[in-house]
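Notes follow once the structure below has been shown.
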Amino acid sequence: MVPKLGMAATQDGDQTRNVSEIPAAAISKGPASAESQLLASPKDDVESSASSPATSPSFPEGGWGWVQVVASFFLLFCTAGPQWSLGTYVRFYTAEHTFPGATYFAISFIPSLCNLGFPLFGPFAGKAADYFGPRRAALVGVAIQVVGLILASFSTEVWHVLLTQGFLFGTGEVLIYLAFVNAISQYFLKRRGMAIGIAISGSGIGGLVLSPVTQIIIDAVGWRWSLRILAIIVAALGGLCAMLYLARVPSGMEIRKRGSQEGAKKPARTRIFDLQYFKDAWFTILYLSGAITGFGYFIPFSYVVAYATSIGITSSSASLILGLMNGAGACGRMFWGIAGDRIGHVNAFLLCQFGAPLAILLVWPFATSFASTAIMGMLFGFFAAGFISVMPLVMTTLAPDSSVAGRLGLQMSSSLINTLAGPPIGGALLDANTSFVDGVKVVNYLPTTLYGGSLLLVGALPLLWVRWKAGGGRWWSKI
């Protein structure tokens, strides 16, 4: 018997089902949606008792669902890929003094603001994706990103790129991310971990390809035109992929419109933030863990390119290291999604939480060549990938079914402060440890490395209690 921390209160005969197997779960990082309410209707509960979730008509487990997966893969390739290759621009802006007087601290706010959209707008964007449907949400996200990139190409001050390439581009990605989770979750239940893992690996592959390609384009036509070319790619490929989204259940807007026409009562409004979730100790610990680990998560992505050039690696090879890190992340997103289906999503998440900081602390301080730095990057990318791809599945395992979406939306807010402050703190440490020897700039990266790895490790430790509690004191059970 699996402990009730990870179980729902429904039974099929004598067999208790894990909440991740209940068709009522509509997995999206936003408040409980009209879609999830529809799937959780009493009729579905009755039907599910007669058939397993894998064969439930609510989840075809394939068909047009694979089109959603492929569309999501390429959508994330061109929209999230640039986000994971920002280290190339950070190195270029600092090394080439693109914005005179800008320090590591100032420029490091670009990735911070780019990722700020998730904790700041995640719950609201989740509600928007549920209400308007995945296609409309994704198209709006693509449009916001295109505008951000075009405006960034005309920047003359560092704060211009902070607001455009950073904040505006990242805000568009929030809508896109939540739209893809919404779309795929309507087609898959038993294979959801694999489907989401395959789709989200597109962001890692995008980072793998775009990191070195961005450097090549910058060298060929300059950084301004590199941003404009990227905007064209996002508009063309991203727009096409978003148009392929086809919702299987009515969006909140459609339900409200239909109910208004038929004179039915409007669906009840849902809370965006429900603080009652913090009454569960496991959720509070998961939230605090996210608040701590976020300080170190983006350090390798932000500074590995600059570090590589500081030890004598060429800028093109340094960008390739970032690409390899993202490529390993793409493999990790697929691997951890599939592994979670087999060994348990909480178990997979725990392995990722400890593997990532150990890669930083045990390998990065001793990386003095292209090979060793690339190994560190790939190890970190592989384990860090699970932070993103497995978290929604962890929540479906531990949370009561009706609160999954709301808890995911609230969980995103845990990274509000660390996303904004994490990379800049690392940049401030670099500024404080920069010196000039015979007119040559020398930067000591060790304090920044230890800062990132240590906070990741500290944030992972409390999760041991969550795993122990969820497993009922049995460490080898599938949770």
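Within region 365-394, residues that are in contact (Cβ under 8 Å) with a residue 40 or more places away in the chain reach partners that are outside any loop (DSSP other than H, G, I, E, B) and basic (Lys, Arg) with beta carbons closer than 6 Å, at six or more positions or on different chains, in the pairs ALA385/ARG333; SER389/ARG333. Filtered by the rule that a residue be part of a helix (DSSP H, G or I) and crowded, with 21+ Cβ neighbours inside 10 Å, region 95-115 gives TYR104, ILE107, PHE109, ILE110, PRO111, SER112, LEU113, CYS114, ASN115. The single condition among (1) under 29 Å from PHE188 (Cα atoms); (2) modelled with pLDDT of 95 or more that TRP282 does not satisfy is (2). Applying the condition of being more than 26 Å from SER415 (Cβ to Cβ) and free of Cβ contacts under 8 Å to residues at least 12 places away in the same chain to region 445-476 and asking which residue is surrounded by the most Cβ atoms within 10 Å (Cβ to Cβ) yields ARG474.
Among all residues of region 320-329, there is none that is over 28 Å from LEU420 (Cβ atoms) and modelled with pLDDT of 95 or more.
Inspection of region 320-339 identifies at least one residue that is crowded, with 20+ Cβ neighbours inside 10 Å, over 20 Å from the mean Cα position of the chain (by Cα) and part of a helix (DSSP H, G or I). Does PHE383 satisfy the condition of being at pLDDT 95 or above, under 17 Å from the mean Cα position of the chain (by Cα) and outside any loop (DSSP other than H, G, I, E, B)? Yes, satisfied. Of the residues making up region 212-264, those that are aliphatic (A, V, I, L, M) and at pLDDT below 90 number 6. Number of residues in region 347-370 that are touching a Ser or Thr at 6+ places or on another chain (Cβ under 7 Å) and not in a helix (DSSP H, G or I) equals 1. Checked against (1) over 19 Å from ALA291 (Cα atoms); (2) at pLDDT below 95; (3) out of contact with any Ser or Thr (no Cβ under 9 Å at 6 or more places or on another chain); (4) buried (at least 22 other Cβ atoms within 10 Å of the Cβ), THR373 meets all criteria but (2). Looking at VAL443, is it over 13 Å from TYR297 (Cβ atoms) and of a type in the set (Val, Ile, Thr)? Considered against the rule, which asks whether it is over 13 Å from TYR297 (Cβ atoms) and of a type in the set (Val, Ile, Thr), VAL443 comes out as yes. Checking each residue in region 44-88 for being among the hydroxyl-bearing types (Ser, Thr, Tyr), at pLDDT 85 or above and outside any loop (DSSP other than H, G, I, E, B) picks out SER72, THR79, THR88. Residues considered: ILE479, ILE417. Of these, the only one that is of a type outside the set (Asp, Glu), in a loop (DSSP other than H, G, I, E, B) and touching a residue at least 60 places away in the same chain (Cβ under 8 Å) is ILE479. ALA137 falls short on exactly one of the conditions (1) without any contact (Cβ under 8 Å) to a residue 40 or more places away in the chain; (2) buried (at least 24 other Cβ atoms within 10 Å of the Cβ), and that condition is (1).
Residue pairs whose Cβ atoms lie under 8 Å apart, separated by 6 or more positions or on different chains, with the first residue in region 157-171 and closer than 20 Å to ILE232 by Cα and part of a helix (DSSP H, G or I) and the second at pLDDT below 95 and among the β-branched types (Val, Ile, Thr), are VAL161/ILE110; GLN165/ILE110; GLY166/ILE110.
The values are calculated or read from the model by the stated rules, or taken from the named source; none is laboratory data. All values reported here derive from a predicted model rather than from experimental measurement. Positions of Cβ are generated from backbone atoms using ideal geometry, with glycine treated the same way; all protein chains shown enter the neighbour counts.
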